[in-house]
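Colleague: This is the structure I have questions about; it appears just below.
Coordinate-derived values only; no laboratory data. Only a predicted model underlies this, so the values are computations on that prediction, with no experimental measurement involved. A quick note on method: Cβ atoms are made from the backbone with ideal geometry, for glycine too, and the neighbour counts reach across all protein chains shown.
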Amino acid sequence: TDGDGVRLRRLVRTALFVSDLEASTTFFRDVLGLPELFYEGNFSGAAIERLLGLAAGARVSARILKAEGPPFGMVGLFQL
């Protein structure tokens, strides 16, 4: 807890929309130290279009990086 009684916890996962998946991967892997690839793939179809408000036929490339060890500190990178 901090001085105001707020409990801080470890980051489990977060999602970021990025314009350049490769450059973002390099930054989070090499600069911030998230070396493990947890997931890599693409999403498409009506469900993802509705969820993100995308045009028909859009595809989202995704890569989830994580710190070494247990599944904490994951950062999902999503390029529209």
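Colleague: So what is the relative contact order for the chain, in percent, with contacts set as C-alpha pairs under 8 Å and at least six apart? Could the numbers behind the result be given before it?
Modeller: Numbers: 139 pairs, mean separation 31.6, N = 80.
Dividing the mean separation by the residue count of the chain yields 40 percent.
Colleague: Using 0.36 nm per residue, how much length does the chain from Phe38 to Phe72 gain when fully extended, once their Cα-Cα distance is taken away?
Modeller: Working: separation 34, 0.36 × 34 = 12.24 nm, distance 1.09 nm.
Full-extension gain reported as 11.2 nm.
Colleague: When a/c reaches 1.5 or more, the comparison of a/b and b/c decides; with that in mind, is the stretch 1-61 rounded, prolate or oblate per its Cα gyration tensor?
Modeller: Taking the square roots of the gyration eigenvalues as a ≥ b ≥ c, the stretch 1-61 is oblate.
Colleague: Now, a different point. Could you tell me which of Val6, Gln79, Gly69 has its Cα farthest along the dipole of the stretch 5-80 towards the positive end, charges placed at Cβ (Lys, Arg +1; Asp, Glu -1), taken about the Cα centre?
Modeller: Of the listed residues, the answer is Val6.
Colleague: Something else about it: Need one number: nm distance between label points at Arg59 and Glu22, each 7 Å from Cα along Cα→Cβ, rounded to one decimal.
Modeller: About 1.6 nm, to one decimal.
Colleague: Pick out which of Leu51, Leu34, Leu11 has the largest mean-square fluctuation in a Gaussian network model of the chain, springs linking Cα atoms closer than 10 Å.
Modeller: Leu51
Colleague: Expressed in nm to one decimal, what extension gain is obtained for the pair Val31 and Leu11 from 0.36 nm per residue of sequence separation less their Cα-Cα distance? Each step should come with its number before you reach the end.
Modeller: On the way: separation 20, 0.36 × 20 = 7.20 nm, distance 1.77 nm.
Here the answer is 5.4 nm.
Colleague: Springs between alpha-carbon pairs under 10 angstrom, Gaussian network model over the chain: which of Val18, Val60, Val31 fluctuates most?
Modeller: Answer for the Gaussian network model of the chain: Val31.
Colleague: Taking the Cα centre of the chain as origin, sum charge times position over the Cβ atoms of Lys and Arg (+1) and Asp and Glu (-1), and report the length of that vector in debye to the nearest 20.
Modeller: Working: 9 positive and 9 negative charges, 55 e Å.
So the dipole magnitude of the chain works out to roughly 260 debye.
Colleague: Determine the distance separating the Cα centre of the stretch 23-54 from the Cα centre of the stretch 64-80; give it in Å without decimals.
Modeller: Distance between centres, Cα-based: 9 Å.
Colleague: Name the most mobile residue of Leu37, Leu21, Leu54, meaning the one with the largest mean-square fluctuation, in a Gaussian network model of the chain with Cα contacts below 10 Å.
Modeller: Residue with maximal mean-square fluctuation among Leu37, Leu21, Leu54: Leu54.
Colleague: Please list 3J(HN,Hα) in residue order for the stretch 24-39, calculated via the Karplus relation 6.51 cos²θ - 1.76 cosθ + 1.60 where θ = phi - 60°; whole Hz, with x for glycine and proline.
Modeller: Result, ordered by residue: 5, 4, 4, 4, 5, 6, 8, 8, 8, x, 10, x, 8, 8, 8, 7 Hz.
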